[in-house]
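The values are calculated or read from the model by the stated rules, or taken from the named source; none is laboratory data. Note that the structure is a prediction, hence the values are computed from the model and not measured. Glycine also receives a Cβ, built like all others from the backbone with ideal geometry; neighbour counts cover every protein chain displayed. Note: areas computed on protein heavy atoms with side chains; ligands, DNA, RNA excluded. Shrake-Rupley method; radii C 1.70, N 1.55, O 1.52, S 1.80 Å.
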Amino acid sequence: GLSNADMRQALEKVISDYPADFANLRGEVLNNNPQTVEYVSLLQFKSAEKNTITQYSGTEPVYSWEAQMFTTEEFSEVEKKYKSLYKDLKSITLTLNRDYAYRLEGDYDAPTESRKFASSVFRLVPSASNLPKVKVELSLQYELMEWKIFLSVYQKEREDNERGKVWE
């Protein structure tokens, strides 16, 4: 559907711009906190309620992109939407580096009303050395009497089991 194409284009732009710290997508500063700086995102993403870019301060700044996809007071509604967005992400093909097709691989974390949080984390397959090591996360959380769904792209920490496979 239309929202699927919209989500695909948004993710292609965000992941492609990730190595440049979202330089092409970062607008003006929204909030300046000691630990984080939140920026306006210049990305046109119609399926999302809003989307922003956050910089986390540290020895080297780390950036993440987040879109708020859906808000409701009803758990049954948010559960349905979360499941359908998960299916969309599983079926999506992303064209990155102009010519290569990638899929998103990730397990479904089933939400329950009592847990107030769920997170399905995807990685790009096939993994490519010239691609940023990013995770795409679909998450759901309950805050201030509302259920919200977020889609985010952020840096993946290197896992211990990857150490042996570094090809120079």
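General remarks:
- Here L96, L131 are screened, and the one residue that is in contact with an Asp or Glu (Cβ under 7 Å, 6 or more places away or on another chain) and more than 24 Å from K148 (Cα to Cα) is L96.
- Candidates Y39, Y56, filtered to the one that is aromatic (F, W, Y) and in contact with a Lys or Arg (Cβ under 8 Å, 6 or more places away or on another chain): Y39
- Restricting attention to the range 72-103, the residues being open to solvent by 30 Å² or more (accessible area, probe 1.4 Å) and out of contact with any helix residue (DSSP H, G or I) (no Cβ under 7 Å at 6 or more places or on another chain) number 19.
- Scan of the range 124-154 for residues that are closer than 22 Å to S91 by Cα, modelled with pLDDT under 95 and open to solvent by 10 Å² or more (accessible area, probe 1.4 Å), ordered by number: L124, V125, P126, S127, A128, L131, P132, K133, K135, Y154
- Every pair of residues 6+ apart whose Cβ atoms lie under 7 Å, when the first sits in the range 86-113 and is under 22 Å from S76 (Cβ atoms) while the second is hydroxyl-bearing (S, T, Y) and open to solvent by less than 60 Å² (accessible area, probe 1.4 Å): Y86/S120; Y108/Y86; Y108/S120; D109/S119; D109/S120; P111/Y82
- Of all the numbered requirements in (1) surrounded by fewer than 15 Cβ atoms within 10 Å (Cβ to Cβ); (2) touching a Phe, Trp or Tyr at 6+ places or on another chain (Cβ under 7 Å), A67 misses one, and that requirement is (1).
- N24 being among the polar types (S, T, N, Q), more than 25 Å from Q141 (Cα to Cα) and out of contact with any strand residue (DSSP E or B) (no Cβ under 6 Å at 6 or more places or on another chain): yes
- Residue match in the range 55-62 (condition: surrounded by 14 or more Cβ atoms within 10 Å (Cβ to Cβ) and closer than 20 Å to M7 by Cα): no
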